[in-house]
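Written below as C-alpha cells is the structure these notes are about.
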Amino acid sequence: MQIERETQKLEKRLCRQVGEAIVQYNMIEEGDKVMVCMSGGKDSYGMLDILLKLKARAPVHFDIIAVNLDQKQPGFPAHVLPDYLGSLGVPFRIETQDTYSIVKSKIPEGKTMCSLCSRLRRGILYRVADEIGATKIALGHHRDDILQTFFLNMFFGGKLKSMPPKLVSDAGHHIVIRPLAFVAERDLQRWAAHRAFPIIPCTLCGSQDGLQRQQVGDMLREWEKKHPGRLDIMFNSLQHVAPSHLLDHRLFDFKGLKTTGVADPDGDTAFDPESFALPSLGGIQTVTLS
C-alpha cells in the first residue's frame with residue numbers, strides 16, 4: 001500500500017513538473033506536431049510516457065510522433081522500440097543511418113565520441129522533422145543534465161552556459177524543447193523501474209569511462225548525498241540570474257553606470273541575506289534570517 005501511494009505521488013510530481021515546464025516556456029501550442037526523440041533510454045521513455053498522459057487531458061490539442069534513430073551499433077536490438085511503440089498505438093518512425101561506422105572511423109581510439117555523434121544525430125533528426133512536418137522536437141534532457149552542462153561549460157569551457165529548455169536550431173528552422181527540464185534524474189529512474197520500460201543501453205558513448213560529463217555527474221551526486229536538496233538550490237539559481245552582479249559587459253551596461261541618488265536594494269549587495277533553502281512541492285522555499 002505504501003509503495004502504491006509513493007508511486008502515485010511520483011506520477012503526480014512528474015506530470016506537474018513537465019506541465020509546469022511546458023506552460024512556463026510555452027513549449028507546446030495548439031495544433032503542434034511534437035516529434036519525441038526516442039533513444040531507448042529511461043529518459044526518452046519517461047518523456048513519451050508523461051507527454052501521452054498530459055496529451056489526454058491538456059487544454060490544447062497536439063499530436064505526438066515518436067522517432068528513433070537506429071545508428072547501426074553492433075548488437076542493437078532493432079525490434080524493441082517498434083514493438084513497444086506499436087503496443088502503445090503511438091505513431092512512430094525508425095530512421096536507420098550508420099553513424100556508428102562514421103564515428104568509429106573519425107574518432108581515434110580512446111577519445112570521446114559524444115561531440116561528433118551528437119552533431120550527426122542532430123542533423124538527421126532535423127531532416128526527419130522536416131519530412132514528417134513536426135513543429136516541435138522534444139529531447140529527453142532532465143534537470144541533472146542541465147546542471148551537468150552548466151558545470152561542464154564553467155569548468156572546461158570558461159562560460160556560464162547550460163541547456164535551455166527551449167531553443168531555435170542553429171539554422172533557424174526548428175524549435176527544440178526539453179519537457180523534462182524540471183525533472184530530477186532519480187525520479188526518472190524510479191519511474192522507469194515502475195513502468196518496466198525495455199531499456200536499450202548505448203554501446204557507443206554510454207560505455208566510455210572517464211568522460212568529463214561523467215566526472216561532473218559524479219561530483220553533483222556526491223554533493224547531493226552530503227547535502228540533500230543542493231541540486232534543487234543550484235537549479236533554482238539558473239532561473240534567478242543577476243547580470244549586474246556578474247562580469248559580462250555585453251549583458252549589463254557597466255560603462256554607462258551613473259549615480260542616481262536613489263537607493264537600490266540590489267545595489268552593492270554581493271551576497272543575499274543568509275537563508276535556509278527548504279524543499280517544497282512547488283519548488284524551493286526559503287526562510288530568511290533577518
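When a footprinting reagent is the concern and you count Cβ atoms within 10 Å, what order do Cys117, Cys15 take, fewest first?
Working: Cys117 21, Cys15 16.
Result, fewest neighbours first: Cys15, Cys117.
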What residue among Val183, Ile65, Ile124 has its Cα farthest toward the positive end of the dipole of segment 2-223, where the charges are +1 on Lys, Arg and -1 on Asp, Glu, each on the Cβ? Val183
Out of residues 5 or more away from Ala66 or on other chains, whose amide H comes under 5 Å of its own, with H placed 1.01 Å from N in the peptide plane? Val36, Phe92, Arg93
Taking other Cβ within 10 Å of each residue's Cβ, how do Thr259, Thr96 sort, fewest first? Thr259, Thr96
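Highest mean first, what order results for 243-249, 66-72 on Cβ atoms within 10 Å?
Details: 243-249: 11.4, 66-72: 20.7.
Packing order, densest peptide first, comes out as 66-72, 243-249.
Per Stokes-Einstein, at 4 °C and 1.567 mPa s, what whole-number D in µm² s⁻¹ belongs to segment 24-166, with the Kirkwood radius over Cα pairs as the hydrodynamic radius? Walk me through the numbers before you get to the answer.
Working: Rh = 16.8 Å.
Approximately 77 µm²/s, per Stokes-Einstein.
What ranking do 173-180, 52-59, 16-23, 192-199 get when scored by the average of other Cβ atoms within 10 Å per residue, highest first? Each step should come with its number before you reach the end.
On the way: 173-180: 22.5, 52-59: 12.0, 16-23: 17.6, 192-199: 13.5.
Descending mean neighbour count gives 173-180, 16-23, 192-199, 52-59.
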Return the label of the correct value of volume of the Cα convex hull per residue in Å³, as calculated from the structure shown, out of (i) 129; (ii) 187; (iii) 119. (ii)
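Laboratory data are not the source of any read-out in this text; all were calculated from the coordinates shown. In this text the structure is predicted, and so the values were computed from the model without any measurement. Quick reminder, even Gly has a Cβ in these numbers, built from the backbone with ideal geometry, and neighbours come from all protein chains shown.
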